[in-house]
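Reviewing the structure listed below.
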Amino acid sequence: MSATSELYTAWSAGTPFAAPLPESAHPILAISTLTAGLYFAARYGISQKPSIAFELANTIPSAVLLGFGIVFLFLSVGLYV
């Protein structure tokens, strides 16, 4: 039983989570990262003769930016993930 009480003591002594970014920055980050991600996706989509380097240079940033953009969009509307 003492192990449980030690864990509870450690848990209750912890500090609450503080977000690294202010909530007012979430909509701006959502719009900017989604816009940049869509730019890279469109650039990949309208290319005529892409090479593998061109494909990777466009798809990787697009996927990363769209992924973070969706997370910031969720955070900006109050869906904390």
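The values are calculated or read from the model by the stated rules, or taken from the named source; none is laboratory data. The structure presented is a predicted model; accordingly, all values stated were derived computationally and were not measured. Please note: Cβ atoms are built from the backbone with ideal geometry, for glycine as well, and neighbour counts cover all protein chains shown. All accessible areas refer to the heavy atoms of the entire protein, side chains included, with ligands and DNA or RNA removed. Shrake-Rupley method; radii C 1.70, N 1.55, O 1.52, S 1.80 Å.
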Could you list all residues from the range 21-31 that are free of Cβ contacts under 8 Å to residues at least 12 places away in the same chain, touching a helix residue (DSSP H, G or I) at 6+ places or on another chain (Cβ under 9 Å) and not β-branched (V, I, T)?
L21, A25
Would you point out which residue out of L56, L65 is surrounded by 14 or more Cβ atoms within 10 Å (Cβ to Cβ), in a helix (DSSP H, G or I) and not β-branched (V, I, T)?
L65
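So, in the range 28-50, of the ones that are among the polar types (S, T, N, Q) and open to solvent by less than 40 Å² (accessible area, probe 1.4 Å), which residue ends up nearest to A63 (Cα to Cα)?
Here the residue is T33.
So in the range 1-20, with the set limited to residues that are open to solvent by 100 Å² or more (accessible area, probe 1.4 Å) and part of a helix (DSSP H, G or I), which one is nearest to S76 (Cα to Cα)?
Filtering the range 1-20 for residues open to solvent by 100 Å² or more (accessible area, probe 1.4 Å) gives 1, 6-8, 11, 15-17, 20.
Narrowing the set further to residues that are part of a helix (DSSP H, G or I) leaves 6-8, 11.
Values: E6: 37, L7: 34, Y8: 33, W11: 29 Å.
Out of the qualifying residues, it is W11.
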Name the pairs whose Cβ atoms lie under 6 Å apart, with the first residue in the range 56-81 and aromatic (F, W, Y), the second open to solvent by less than 70 Å² (accessible area, probe 1.4 Å), and 6 or more positions between them or separate chains?
F68/T33; F72/H26; F72/L29; F72/A30
